[in-house]
Every structure is written in C-alpha cells, then in structure tokens.
Amino acid sequence: QLQASGGGLVQTGGSLRVSCEASGLTSTYTVAWFRQPPGKEREFVAAMFRNNGRTYYSDSVKGRFTISRDNARSMVSLQMNFLKPEDTAVYYCAASRTIIMSQLTVSNSYHYWGQGTQVTVSS
C-alpha cells in the first residue's frame, strides 16, 4: 500500500513536493507519478526505472519536476518547481516490479497505487 503526502495550494511559479512511501518499496520497484487534471484523464508525469534508476519525464514537466527516491526510507518523491496553473491535478504515485521500459507511461501497467494528493496552482 502506497501512502501519499504533500501537495496543497501554491501560486504560479512556486514549488511543492509530493511524496509516497510504502514498506518494502526498494530499488527493485519501478516508481512513477501520474496526475489527473479536473475533467481529464490520468496522465503520465515521471518515472524512475527499477535498479538502474533512469528517469523519464513527460514533455510538459521536463526541466521543472524531479523524481527521486530514498530506498532507506522506502519513499519516492516528486519535487515540482516553476508550477503553472495547468499543473493543477490530483497526483498519484504508482509502483511495479515487473513493468518494462516501453510501458512506463501506461497507467494500467502499474500494480500498486497511492490514494492521490491534490495540487492546486493559482494564477
């Protein structure tokens, strides 16, 4: 079970950090963040592949968001800088031990999900 925390309300250009932790969330898991804007479908944000730690980002957040993990604390985080109103969404963490590279952006490929945390960016 993934437990999400963080999020909140911030002005345009501000920063927020969301985190997700779960017992046993080791480097053998690929971890990712997705988000669901109001009235839209869930979309891929960022991922860190298992073992090698390679990171991947959607074009819309590249250069502004950073995914990281702390294996000692079984935690994965998403640092969000230079936030824009279009970043407003519910953010979800996800994990999988078996996902392959070509499936990183596909939400149905992940087996474990957090409960979601709201991020609101005001203009």
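The values are calculated or read from the model by the stated rules, or taken from the named source; none is laboratory data. If you're wondering where the values come from, they're calculated on a predicted model, not measured in any experiment. A quick note on method: Cβ atoms are made from the backbone with ideal geometry, for glycine too, and the neighbour counts reach across all protein chains shown. Areas reflect the complete protein model, heavy atoms only, side chains present, ligands, DNA and RNA absent. Shrake-Rupley method; radii C 1.70, N 1.55, O 1.52, S 1.80 Å.
Here are a few things to note about the model shown:
- About its Cα centre, the dipole of the chain is roughly 220 debye, where the only charges are +1 on Lys and Arg Cβ and -1 on Asp and Glu Cβ.
- DSSP-assigned coil residues among GluC sites (Glu not before Pro) in the stretch 13-92, each with at most 12 further Cβ atoms within 10 Å: 41
- Take the chain and mark each of the trypsin sites (Lys or Arg not before Pro) that is in a DSSP loop with at most 13 other Cβ atoms within 10 Å; the longest unmarked stretch, sites excluded, is 1-39.
- Accessible-area composition of the chain, carbon plus sulfur, in percent [1.4 Å probe]: 47 percent
- Charge tally in the Cβ shell below 13 Å around residue 47, where Lys, Arg are +1 and Asp, Glu are -1, residue 47 excluded: +4
- With the charge dipole of the chain set up from +1 on Lys and Arg Cβ and -1 on Asp and Glu Cβ about the Cα centre, the Cα lying farthest toward the positive end among the listed residues 63, 80, 24 is that of 24.
- Charge tally around residue 13: other residues with Cβ under 12 Å, Lys/Arg +1 each, Asp/Glu -1 each, net +1.
- Alpha carbon centroid spacing (whole Å) that separates the stretch 32-61 from the stretch 93-123: 6 Å
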